[in-house]
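Colleague: Attaching a single structure in C-alpha cells format; questions to follow.
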Amino acid sequence: MSSPSKRREMDVMKLMMSDYNVETINDGLNEFNVEFHGPKESLYEGGVWKIRVELPDAYPYKSPSIGFVNKIFHPNVDELSGSVCLDVINQSWSPMFGNYLLKAMKQRSY
C-alpha cells in the first residue's frame, strides 16, 4: 500500500472513530458522507448537516472535494451545488490539514 493510500485509510478511520457519523459510498474510502450536528447553545442547535467528501487518488497531496448534501445558506457554500468554497480547500491545501479540515468546516459553517 502506497503512502497516500495509508494516509487516506488513516484519516477516514479517524473520522469513523470520532463523534461524526461517517457512511462510506460503494464500500471504498474515496467517497463518503459525514453527518454532524449543530453546536449546542447556538442558533444551529438541533440541526443536522450531511456533507459528501471525495478524496482524489493523490490525497493528501491533492485537496478533497467537499459539498453539502442538504441545503445550507452560507457565503462559503455554493447555493446550487452545495460545494464548499474555501481557500484552504481550493488554493492553499496542504497535506498537513487532513481531518482538521472537517473540524474547521464545522466551525466556519455557523
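What follows draws every value from the coordinates through simple rules; no lab data is involved. Since the model is a prediction, treat every value here as computed from it, not as a measurement. Every residue, glycine among them, receives a Cβ derived from its backbone with ideal geometry; neighbour counts consider all protein chains shown.
Colleague: Scan the stretch 16-30 residue by residue and report those that are under 22 Å from V77 (Cα atoms) and surrounded by 15 or more Cβ atoms within 10 Å (Cβ to Cβ).
Modeller: The answer is Y20, V22, N30.
Colleague: Please verify whether the stretch 1-9 includes one or more residues that are among the hydrophobic types (A, V, I, L, M, F, W, C) and in contact (Cβ under 8 Å) with a residue 60 or more places away in the chain. Quick ask: steps written out before the conclusion?
Modeller: Residues of the stretch 1-9 that are among the hydrophobic types (A, V, I, L, M, F, W, C), as a first pass: 1.
Going one step further and asking which of them are in contact (Cβ under 8 Å) with a residue 60 or more places away in the chain, we end up with none.
No - not one qualifying residue is present in the stretch 1-9.
Colleague: Still on this structure, I have one more. Among the residues of the stretch 40-83, write down those that are touching a residue at least 40 places away in the same chain (Cβ under 8 Å), surrounded by fewer than 14 Cβ atoms within 10 Å (Cβ to Cβ) and not hydrophobic (A, V, I, L, M, F, W, C).
Modeller: Matches in the stretch 40-83: S42, D57, Y61.
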